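Shown next, in structure tokens, is the structure this report addresses.
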Amino acid sequence: MKNLVQEKWAKRPLIISGPCSAETEEQLVATAQRLANTGKIDVLRAGIWKPRTKPGLFEGIGAKGLPWMQQAKKLTGLPTTVEVATGKQVEDALTFDVDILWIGARTTVNPFSVQEVADALRGVDIPVLIKNPINPDLELWTGAVERVARAGVKQIGLIHRGFSSYGNTEYRNAPMWHLAIEMKRRNPEMILINDPSHICGRRDILLETAQKAIDLDFDGLMIESHIDPDNAWSDAKQQVTPERLAEMLDAIAWRKEDVASEAYHAALEKLRQQINHLDDEMMQILGQRMKIADQIGKYKKENNITVLQTNRWNEILERAFAKGEKLGLGKDFITKYLDAVHMESINHQTKVMNG
Ligand code: PEP
Ligand code: MN
């Protein structure tokens, strides 16, 4: 099994699936078998201990589900992974030969818990996946990675499951893709898996979310699957049957990071040079813009006028929206871009006025 786990860990895309929660032995084994029958799954997942937002929801079957995982592995040949949140859970999972552990979003937020899990992992040779914390805080995610790494765990992977924010509507957890991308940039040697199930919280946008992750060069997916999704004891709305999952995986356009074609590389190089050239020009222009802001600052200082003039700012935004629309630039982008430019202008002017 150790070699198989290594092989799976290196496979791209790495596909992890299984129910949100192990409920009964029959449910777990049947889900595992139907997933294995698709031939598209690499690792079987199931929640054994479930950290729930509110009490009274199904809190997991507990350690008695671990022999079911073993049985599912025996019948399907699939390596297994479960979520661990305490030292005792790590011990129990290891006793029952779980192959990969994962740390859940509600645990990653808590350095005490992460440290406890890390301490239990000292001297243990097992791959560990670390989900992003509930809140959009890369330092917290990084801290969890460091604690586990310091315990001597060599194989660490990242799972992006989105971030909670008050009033989330479209997504259960907003993906904030840029945070996952930044985490990958900081940890290029780690695999990065996307969990569209917990991002979406519903079935109808799972596929487009998974596709987006693949377009962004994620190394794999963790998607929840259940033999009877509507009657699942947890996360019923976001689970899909093994067969539906297989259809989704077939529908995804799998992208490669690179190809060996020379023509492709030559064409790409040309386009990248054009982008570099345009970026250089934009820098020059922004530099000029700031020089003009400095001059305005000087006039404002001489006439004792405030730096920020709201009317003028609204006028700039309106002009930009109108122009941007014709150029195919989104309102959201223009607002963010001009906000940044405006802040820099204000900083320049403040310096001039107080300099
Ligand atoms: C889960 O994977 O079932 C789970 C509880 O996920 P998260 O920690 O991302 O909420
Ligand atoms: Mn779940």
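The values are calculated or read from the model by the stated rules, or taken from the named source; none is laboratory data. Computed from a prediction, not measured in an experiment: that's the story for all the values here. Neighbour counts run over all protein chains shown; Cβ positions are idealised from the backbone, glycine included. For the accessible areas, the whole protein counts, side chains as well, though only heavy atoms, and no ligand, DNA or RNA atoms are used. Shrake-Rupley method; radii C 1.70, N 1.55, O 1.52, S 1.80 Å.
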On Cα atoms only, tilt of 66-76 relative to the major axis of the chain in degrees: 90
Where labels lie 7 Å past Cα in the beta-carbon direction, separation of Asp279 and Asp339 in nm: 2.3
Using distinct alpha-carbon pairs, which all enter the 1/r mean, Kirkwood radius of the stretch 154-265 in Å: 15.1
Residues of type lysines that Lys291 reaches as a straight line, Cα spacing below 19 Å, ignoring anything fewer than 8 places off in the same chain: Lys300, Lys301, Lys351
Asp92 accessible area, 1.4 Å probe, all protein chains in place, Å² to nearest 10: 30
Long-range amide H partners of Gly18 with built H, under 5 Å: Arg45, Ile223, Ser225
Separation in nanometres of the label points that stand 7 Å from Cα toward Cβ, at His178 and Leu75: 4.7
Degrees between helix 262-303 axis and first principal axis of the chain (Cα, 0 to 90, nearest 10): 50
Probe 1.4 Å, protein heavy atoms only - accessible area per residue of the chain in square angstrom: 53
Label zone at Arg203, where the point sits 7 Å out along the Cα-to-Cβ direction: the stretch 243-277 residues whose backbone N lies under 18 Å: 243-252
Relative contact order %, the chain, counting alpha carbon pairs below 8 Å whose residues are six or more apart: 13
Dimensionless Rg/Rh of the stretch 296-355 - Kirkwood Rh, Rg from C-alpha atoms: 1.08
Calculated from backbone phi, Karplus (6.51, -1.76, 1.60) coupling profile of the stretch 189-197 in Hz, x at Gly/Pro: 7, 8, 6, 10, 10, 9, 10, x, 4
Counting DSSP beta bridges with both ends in the chain, the antiparallel % (nearest 5): 5
Cross-link partners of Lys73 among aspartates and glutamates (Cα-Cα below 14 Å; sequence separation of 8 or more within a chain): Glu25, Glu26, Asp42, Asp97, Asp99
J(HN,Hα) series, the stretch 234-251, from Karplus relation 6.51 cos²θ - 1.76 cosθ + 1.60, nearest Hz, glycine and proline x: 8, 6, 4, 5, 9, 8, 10, 5, x, 5, 5, 4, 4, 4, 4, 5, 5, 7
For Ile159, residues with placed amide H under 5 Å, excluding near neighbours: Ile130, Lys131, Asn132, Ile193
0 to 90° range, to nearest 10: angle between helix 206-215 axis and the chain longest Cα axis: 70
Amide H contacts under 5 Å for Glu83, placed H, 5+ residues apart: Ala46, Ile48, Trp49, Trp102
Under Karplus coefficients 6.51, -1.76 and 1.60, residue-wise ³J(HN,Hα) of the stretch 104-121 in Hz, glycine/proline x: x, 4, 6, 8, 4, 5, 10, x, 4, 5, 4, 5, 5, 5, 4, 4, 5, 8
Partner lysines for Lys74 [C-alpha distance under 20 Å; skip if fewer than 8 residues away on the same chain]: Lys2, Lys8, Lys40, Lys64
Whole-number D in µm²/s for the chain (Stokes-Einstein; Kirkwood sum over Cα pairs; 25 °C, 0.890 mPa s): 106
Percent RCO, i.e. relative contact order, over the stretch 165-283, from Cα pairs under 8 Å lying at least 6 residues apart: 20
Portion, in percent, of the accessible area of the chain that falls on carbon or sulfur, probe 1.4 Å: 53
More than 21 angstrom apart: percent of Cα pairs within the stretch 255-355: 53
Per-pair calculated FRET efficiency, R0 = 51 Å: Thr306 and Asp215 via Cβ, rounded to 0.05: 0.65
Residues of the stretch 328-355 with amide N under 18 Å of a point placed 7 Å along Cα→Cβ from Lys298: 345-355
